[in-house]
Each structure stands twice: as C-alpha cells, then as structure tokens.
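Engineer: Take a look at the following structure, please.
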Amino acid sequence: MRILPVLCALLLLMLLGVTGLSLARGSHQECERRGGFCSHRSCPPGIGRVGLCSEQEFCCRMRWYP
C-alpha cells in the first residue's frame, strides 16, 4: 500500500513531462495564431518571447500593458 502514492506521483510527473515536450515543439503557424512572429536566435529589444517556432527560432510578440 505504501507504493501506491509513489506510483501516482511518478505517473503525474510522466504526464507533465509529455505535456512539456509537446508544448516545446512549436511551428510558424502556431506562433502567428498567437499574434507573434518568428525570430532567429533572440527577440528584438522590447519584445518578449511567447514560445518556440523551431530549435533555433523563438516566437516573439509585443507585450501589451493595460
């Protein structure tokens, strides 16, 4: 019975890891859907990263402050 909480925690960590991997893989279309653009290596000054387009490109978007 003591192993059940450990197994549940391990299963939760595995699910979170799979979710994280799927979020890391972005695309140009997904970036544009978010209102951003893809930039090689880094985003221009004053513009924040909101995701990834590929291994070497970041999805960048202007930050809006209310």
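Bear in mind these aren't lab numbers, they're just calculated from the coordinates by the rules spelled out. Remember, it's a predicted structure, so these values are computed and weren't measured experimentally.
Engineer: So between Trp64 and Ser42, what do we pick up on full extension, going 0.36 nm a residue minus the alpha carbon distance?
Structural biologist: Full extension of this stretch gives 6.0 nm more.
Engineer: Using θ = phi - 60° and the Karplus curve 6.51 cos²θ - 1.76 cosθ + 1.60, what whole-Hz ³J(HN,Hα) does each residue of the stretch 34-48 get, with Gly and Pro shown as x?
Structural biologist: Values per residue, Gly and Pro as x: 7, x, x, 9, 8, 10, 6, 6, 7, 8, x, x, x, 10, x Hz.
Engineer: Using amide H atoms built in the peptide plane, which far-off residues or other-chain residues are under 5 Å from Gly51 H to H?
Structural biologist: Result for Gly51 returns Cys59.
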